[in-house]
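> Dumping the structure here so I can ask a few things about it.
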There are 2 protein chains.
Amino acid sequence: MDLASFVTSLLTSFVIFVVLVLVFTWLSRRPGNAPVYYPSLLLRGLDPWEGRRRGTRSPVGWIRQALSASETDVVATGGVDAAVYLIFLSSVLSILVFSGIVLLPVLLPVAGTDNALERAAGLQNGKTRQNFTELERLALGNVQAGSLRLWAFLLSVYWVSFVTYFVLWKSYKHVSNLRAAARSTSDVKPEEFAVLVRDVPVPPPDQTIKDSVDSYFRALHPDTFYRSMVATDHTKADKIYQEIEGHKQKIARAEVVYAESKTSSKPEGTKPTHRIGFLGLIGKKVDTIEYCNDKIKELVPKLEAEQKITLCEKQQRAAIVFFNRRSAAASASQTLHAQMYDRWTVMQAPEPREIVWSNLSKKIYERQIRQVVVYTIVFLTVVFYMVPITAISALTTLEKLREKLPFLKVVVDQKEIKTVLQAYLPQLALIVFLALLPSLLMFLSKLEGIPSQSHTVRAAAGKYFYFVVFNVFLGVTIGSTLFSALTTIINNPPGIIKMLANSLPGSATFFLTFVALKFFVGYGLELSRLVPLIIFHLKRKYLCKTEDDVKAAWAPGDLGYNTRVPNDMLIVTIVLCYSVIAPLIIPFGVAYFSLGWLIAKNQVLRVYVPSYESNGRMWPHMHTRIIAALLIYQTTMVGVILLKKFYYSPVLVPLLPMSFIFAAICHMRFYPAFAKTPLEVVAQHDLKETPNMDAMYTAYIPACLKPEKLEDVDIFEDAQSHTTSRATPI
Amino acid sequence: MDLASFVTSLLTSFVIFVVLVLVFTWLSRRPGNAPVYYPSLLLRGLDPWEGRRRGTRSPVGWIRQALSASETDVVATGGVDAAVYLIFLSSVLSILVFSGIVLLPVLLPVAGTDNALERAAGLQNGKTRQNFTELERLALGNVQAGSLRLWAFLLSVYWVSFVTYFVLWKSYKHVSNLRAAARSTSDVKPEEFAVLVRDVPVPPPDQTIKDSVDSYFRALHPDTFYRSMVATDHTKADKIYQEIEGHKQKIARAEVVYAESKTSSKPEGTKPTHRIGFLGLIGKKVDTIEYCNDKIKELVPKLEAEQKITLCEKQQRAAIVFFNRRSAAASASQTLHAQMYDRWTVMQAPEPREIVWSNLSKKIYERQIRQVVVYTIVFLTVVFYMVPITAISALTTLEKLREKLPFLKVVVDQKEIKTVLQAYLPQLALIVFLALLPSLLMFLSKLEGIPSQSHTVRAAAGKYFYFVVFNVFLGVTIGSTLFSALTTIINNPPGIIKMLANSLPGSATFFLTFVALKFFVGYGLELSRLVPLIIFHLKRKYLCKTEDDVKAAWAPGDLGYNTRVPNDMLIVTIVLCYSVIAPLIIPFGVAYFSLGWLIAKNQVLRVYVPSYESNGRMWPHMHTRIIAALLIYQTTMVGVILLKKFYYSPVLVPLLPMSFIFAAICHMRFYPAFAKTPLEVVAQHDLKETPNMDAMYTAYIPACLKPEKLEDVDIFEDAQSHTTSRATPI
């Protein structure tokens, strides 16, 4: 890629970004778009324009607001998870800023004043002296082999590493305190009083599973056991429930339509009708309101019968056990209960809204096998996807494309089109391609048998990280030699370092463009929310009848960490790995993470609504992966500098054990409080209050099994129990 | 080594064994030797000859008694640890017996009827057809390369592996139940109510450590916290205490001497005197009884003062916290207390008698660093000791020895001496050599900062296992090529398999002799207890004055797992690895483990007294190492059979992942109950009884700090506390 297409690429990206920001500034001021740009504010009952009326009507008001919002505001709006995501972005930003402060003023002159490229070009053929760009001149490639200037590059790797350790240590501590603070508030959260029990053994024939869970936990926790809820297979009940809800919705819509028809020409109105056949297209025409009411009347007793059967006979071998104190639940979730570990395994209960009921009953061995199978599939996917990526890499040069597809000649030969295509084609192909994967990975992670949504998201993010690092980073870098690289890895593991070191410098410009495209276009789209805006307006115009429908149309969803985090991670890996090879990438990285932080903060404050709260459980995941990126960086740098015939390169080797030790110390010191609940965090409020235990129990009842009135919790519990009255009154 | 010296070796070993057994039979019947042969019985107040008087006076009576004793008897006498050691021996025995039943009748004829050795010899030179022994003829070496007979050897590896899996699974389950049973008895053991707390943070200046421990645990466990005991640096108090005890002992002895002198010639007796200078050789002569009484009078107030200072001012940042219920202590020991893991780390308290006070106060990071340092030293030791072992291997043939040390010619050239030396020299050198190591390893393991004696023993046993496997097994096998082997490992890890496969068959005879020597001579000495017998009689004659002195002279000690287990493990590794290469080793292995089991059972029932009880905590350690031996075996067999140009050899490769999966499943299912205390095991007796908590507290008070009367527990506790009266009365 020459300098012209690089600049074109940057400029077009920038223009798109500016246009999108302008679009956002214009659109977000129109009251009709408020549900798209301020859904979070609306849901919390706030007026989105309140701030603006007080004089902040400037187009950059959102920036000022985002900057001035404190972490407490973020936690209050988006929860600890969102705050932790922002800390992740700002940590990476700090790493890059601190690195850049030293690396840019030192390395750019050191590289720029050398002339390895000129000499190499001069040696090959005298005339093509302009074969290299300014970009290449300011990179490691321009330093002559064996030159003492390489010490500057070598020490820079140390600087970047120490900056990373320092920032990560600070951030881990900060996040740990944030998590502790969030968990030691006096708010009563049902999951703090509950424990998830799996692998319940088969009860004796005269007992239900509920009875055996009750007697087991009452015996082991006589003072603190409150009651238990056995997981049930409620798919059938849920189906009937959904049917009833569907009919209720139809009635609501039909009533709105009926009322509207009344106010117009005919005062008696037209009763809405629909056909009962396939998709409402064929079959008998019926009065919607009457028909649905009949259906509901018919279904309600069916649901009640099914509820009874579900509660009593469809019990699964898993349960949620409630304790009357936080510390009791925290202790119980960390204590080994059974002598054989394949029975009565306990863990912290997930939040009610993020629980994955269908996974609760999976047995311990089944979970292990599923995990192995899923990881095999992921491994195959990672390797299999290499094929198309390799193809894209091979087609990177338009010349090759034209040769292979001659009918494109007409288009490609036009100069402007050619420049744009050359700048974007490979990157666009890559980005589109990556959009297909996350759903598959979420699906696979769910198959593993993980009982909570947040853990599933983490598992999917982990898989996606493998994918992007292997395929995008390694794939593009090593390019068409990928399969020979695989062979190398198998035969001679250290060989891959040499191979990477050989290929890395060549892809620097590609990744510069990639990062720029990602943040200009990606963040532009994110901020302007064009897609949700269009969908919302279309839906409101043609589909929504009731208020509930409209609300559903603008429901903002959450941040989608499962793709967001690994994509950021990819940028972390790229920027770290090129930070010394081509220091010019650092400003791009800084731009990516500062813009990302700003826009994410805006979106957290105004748009997204968290669908669950894991209290920053994502942080150790991010931390480990930043260190993994650092390790890839350190390893490749040993090879890159060695290839420059600089034999002090092994001076870098101590960095690798250093990173491992750093990771181990962080893991030892901070991780336990993320995996388990520390007693000192939860025990503070335990004796001061008597929480409403019934409410907590009710929070876990699935919608389709909920008794009509909340006083019926006892009835619900008795339905699960074989003995109709409980053994001991509590 | 030729057949003659092999048979000589076997025969002499056997003769020594028979002589030792006869010596045992004769000596153990003499009542004066009872404290040597029946100390365990005497300590439990039983009459060693009771059984014999009832008609079992036969010389093999001990065998009958050992065979008839049930596991319950063993647990009652030697504790669960001894029972688990016997299970380990019998498990290995079962593995070998089951393997032998199939391997011996199948492999011996298959190998014996082939003629690879004859052909190879014939090819080299026609006359030396007797260059190989019957032993070699009955081994894998006699099967021709590429022959289909190798299928039998290949399938035998599968058989041995499956037998091992089966037996180990059964044994793990059995041990787990044994452990659970031992822990769910209603006996009140102090360690079940206690938790060891380390890494206590520095308290605020107005609090002692005791106060901060108390307030922290009272806040987190308001209902179940009983009291706490802070670890102190009591080395100085202990020194004074030991001095007082020494004087008391001297007085007791002097009184016996004085009384004896009275009964003889002079009725007024001679008062015993001694010199107070260096070793009692120089200085003023004093009346022992008076002098010592004066000293004691002088020291007692000093001790009391030192006790007070120790309790209050020498508190260490570690404590033992007592709970008033077993289940509370079990939960607390498994629950994360602090948000940062480097503060308030908790674990199960060790038994009072096995606690290592000096290690309690070591901080978490210090422990990590110590561990790394110790393992580095151990690694260097393992590698450094290879040098002498290699030298021994090189000198194995007497011819070489004679060449190098010509003055030995006179001795060596005599035929009988030559044969005996040839048979024993290398093995003896090895055995003597191995005797030096265990104390060093125990010392190193203690340096790691492990808080309990039993864990130290396990850590030392683990190190010793590395040592014997690397040095004895690999060292002897690969012999002088050891250093080239190290280079191979570093450059090309799979190369070591080929190297082992090449060298293994050659050392078969050496190891046959080694195993035989170990069990004939080793077990003969063990059973006859000649060394303790001689020491006891010498001591009783010349040193012992009082009853206590005599008791101390025959104190039997415990089984010494730290050397016993790794030595047995070495035999397991050797026998497994040669089971298919030279199946004749199996009967030797069977003899080793059956004799070992019999003699160990006898010694457990009559001799050794356990010095602590870890409830079979050693089992997972043994289990893992048996699987490690199996993995070494499987890996080498792939190489050995491949070297025979048998290209179905990779059929064995699936065994390796199979072993790993087996190990993982066992670890997952059984291990947690060994590392932690399952609630269901301890909760059974909790509510039925009200244990004497003061007695438990007292059990942990070190001897030198013990208050005179037991009612003074409160005084002891108050001495540690800053506030003289406790905050809340319990």
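The values are calculated or read from the model by the stated rules, or taken from the named source; none is laboratory data. What you see is a predicted model, and the numbers here were worked out from it, not measured in a lab. Note: ideal-geometry Cβ built from the backbone for every residue, glycine included; neighbour counts use all protein chains shown.
> Are any residues in region B:214-225 farther than 20 Å from A:Ala329 by Cβ and either away from chain A (no Cβ under 13 Å) or in contact with a helix residue (DSSP H, G or I) (Cβ under 6 Å, 6 or more places away or on another chain) (or both), and if so, which ones?
Within region B:214-225, just B:Asp214 meets the criteria.
> Has region B:693-711 got any residue that is modelled with pLDDT under 80, within 14 Å of chain A (Cβ to nearest Cβ) and surrounded by fewer than 16 Cβ atoms within 10 Å (Cβ to Cβ)?
Looking for residues that are modelled with pLDDT under 80, within 14 Å of chain A (Cβ to nearest Cβ) and surrounded by fewer than 16 Cβ atoms within 10 Å (Cβ to Cβ), one finds none in region B:693-711, hence no.
> Which ones in region B:339-355 are assigned to a loop (DSSP other than H, G, I, E, B), within 14 Å of another protein chain (Cβ to nearest Cβ) and of a type in the set (A, V, I, L, M, F, W, C)?
Listed by number, the residues that qualify are B:Met340, B:Trp344.
> Taking helices (runs of 4 or more DSSP H) that fall entirely within region A:477-533, which contain at least 2 residues that are at pLDDT 80 or above and either more than 21 Å from A:Gly596 (Cβ to Cβ) or of a type in the set (A, V, I, L, M) (or both)?
A:508-517, A:523-528
> So which of A:Ser331, A:Ser358 is away from chain B (no Cβ under 14 Å), assigned to a helix (DSSP H, G or I) and touching a helix residue (DSSP H, G or I) at 6+ places or on another chain (Cβ under 9 Å)? Before you say what the answer is, go through the steps one by one.
Working: A:Ser331 fails: away from chain B (no Cβ under 14 Å).
Being away from chain B (no Cβ under 14 Å), assigned to a helix (DSSP H, G or I) and touching a helix residue (DSSP H, G or I) at 6+ places or on another chain (Cβ under 9 Å) holds for just one of A:Ser331, A:Ser358, which is A:Ser358.
Condition check ((1) more than 9 Å from chain B (Cβ to nearest Cβ); (2) hydrophobic (A, V, I, L, M, F, W, C); (3) touching a Leu at 6+ places or on another chain (Cβ under 8 Å); (4) without any contact (Cβ under 8 Å) to a residue 40 or more places away in the chain) across all residues:
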residue: A:Gln316; (1), (2), (3), (4): yes, no, yes, no
residue: A:Ile320; (1), (2), (3), (4): yes, yes, yes, no
residue: A:Ser327; (1), (2), (3), (4): no, no, yes, no
residue: A:His337; (1), (2), (3), (4): no, no, yes, no
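> Same structure again: Tell me, please, whether a residue that is within 31 Å of the chain's Cα centre (by Cα) and farther than 30 Å from A:Ala628 by Cβ can be found in region A:129-151.
Keep residues of region A:129-151 that are within 31 Å of the chain's Cα centre (by Cα), which gives none.
No: region A:129-151 contains no residue that is within 31 Å of the chain's Cα centre (by Cα) and farther than 30 Å from A:Ala628 by Cβ.
> Which residues, counting only those in region B:65-113, are hydroxyl-bearing (Ser, Thr, Tyr), assigned to a helix (DSSP H, G or I) and at pLDDT below 90?
Within region B:65-113, B:Ser68, B:Thr72, B:Thr77 qualify.
> Against the definition (over 30 Å from B:Arg325 (Cα atoms), surrounded by 13 or more Cβ atoms within 10 Å (Cβ to Cβ) and hydroxyl-bearing (Ser, Thr, Tyr)), how does B:Tyr291 come out, yes or no?
Here the answer is yes, as B:Tyr291 does meet what is asked.
> Has region B:431-438 got any residue that is at pLDDT 75 or above, under 23 Å from the mean Cα position of the chain (by Cα) and in a helix (DSSP H, G or I)?
Pass one, region B:431-438, residues at pLDDT 75 or above: B:437-438.
Next cut, under 23 Å from the mean Cα position of the chain (by Cα) only: B:437-438.
If we keep only those that are in a helix (DSSP H, G or I) too, we end up with B:437-438.
Yes.
> For residues that are surrounded by 15 or more Cβ atoms within 10 Å (Cβ to Cβ), more than 12 Å from chain A (Cβ to nearest Cβ) and not in a helix (DSSP H, G or I), tally how many sit in region B:161-188.
The qualifying residues number 1.
> Collect the residues in region A:578-627 that are touching a Phe, Trp or Tyr at 6+ places or on another chain (Cβ under 9 Å) and either without any contact (Cβ under 8 Å) to a residue 24 or more places away in the chain or among the hydroxyl-bearing types (Ser, Thr, Tyr) (or both), keeping them in residue-number order.
Matches in region A:578-627: A:Tyr578, A:Ser579, A:Tyr592.
> So which of A:Ala582, A:Ala600 is under 17 Å from A:Gly522 (Cβ atoms) and either in contact with an Asp or Glu (Cβ under 9 Å, 6 or more places away or on another chain) or at pLDDT below 90 (or both)?
Values: A:Ala582 fails: under 17 Å from A:Gly522 (Cβ atoms).
Result: A:Ala600 is the single residue among A:Ala582, A:Ala600 that is under 17 Å from A:Gly522 (Cβ atoms) and either in contact with an Asp or Glu (Cβ under 9 Å, 6 or more places away or on another chain) or at pLDDT below 90 (or both).
> Return the residues of region B:608-626 that are among the aliphatic types (A, V, I, L, M) and in contact with a Lys or Arg (Cβ under 7 Å, 6 or more places away or on another chain); say none if nothing qualifies.
Of everything in region B:608-626, just one residue is among the aliphatic types (A, V, I, L, M) and in contact with a Lys or Arg (Cβ under 7 Å, 6 or more places away or on another chain), namely B:Met618.
> Inside region B:1-48, can you point out the residues that are within 18 Å of B:Val60 (Cα to Cα), out of contact with any Leu (no Cβ under 6 Å at 6 or more places or on another chain) and not aliphatic (A, V, I, L, M)?
If the condition is that a residue be within 18 Å of B:Val60 (Cα to Cα), out of contact with any Leu (no Cβ under 6 Å at 6 or more places or on another chain) and not aliphatic (A, V, I, L, M), then B:Phe14, B:Phe17, B:Thr25, B:Trp26, B:Ser28, B:Arg29, B:Arg30, B:Pro31, B:Tyr37, B:Tyr38 are the ones that fit.
> Right, next: Would you point out which residue out of B:Ala259, B:Ala254, B:Ala237 is among the hydrophobic types (A, V, I, L, M, F, W, C), buried (at least 18 other Cβ atoms within 10 Å of the Cβ), more than 14 Å from every other protein chain (Cβ to nearest Cβ) and farther than 21 Å from B:Asp714 by Cβ? Lay out the reasoning, then the answer.
Working: B:Ala259 fails: buried (at least 18 other Cβ atoms within 10 Å of the Cβ); B:Ala237 fails: farther than 21 Å from B:Asp714 by Cβ.
Within the list B:Ala259, B:Ala254, B:Ala237, the selection yields B:Ala254.
> Also, I was wondering about something else. Can A:Ile369 be described as without any contact (Cβ under 8 Å) to a residue 24 or more places away in the chain and either in a strand (DSSP E or B) or under 27 Å from the mean Cα position of the chain (by Cα) (or both)?
Judged against the criteria, A:Ile369 is a match.
> Inspect region B:130-151 for any residue being among the hydroxyl-bearing types (Ser, Thr, Tyr), at pLDDT 85 or above and closer than 22 Å to B:Tyr647 by Cβ and give the result as yes or no.
Among the residues of region B:130-151, not one is among the hydroxyl-bearing types (Ser, Thr, Tyr), at pLDDT 85 or above and closer than 22 Å to B:Tyr647 by Cβ, which makes the answer no.
> Also, I was wondering about something else. Could you check how many residues of region A:216-236 are hydrophobic (A, V, I, L, M, F, W, C), in contact (Cβ under 8 Å) with a residue 60 or more places away in the chain and part of a helix (DSSP H, G or I)? Working first, answer last.
Of region A:216-236, the ones hydrophobic (A, V, I, L, M, F, W, C) are A:217, A:219-220, A:225, A:229-231.
Filter once more, so that each one left must be in contact (Cβ under 8 Å) with a residue 60 or more places away in the chain: A:217, A:220, A:225, A:229-231.
Restricting the remaining residues to those that are part of a helix (DSSP H, G or I) gives A:217, A:220.
Number of matching residues: 2.
> Now for a different question. Quick check, is A:Val213 among the hydrophobic types (A, V, I, L, M, F, W, C) and part of a loop (DSSP other than H, G, I, E, B)?
Considered against the rule, which asks whether it is among the hydrophobic types (A, V, I, L, M, F, W, C) and part of a loop (DSSP other than H, G, I, E, B), A:Val213 comes out as no.
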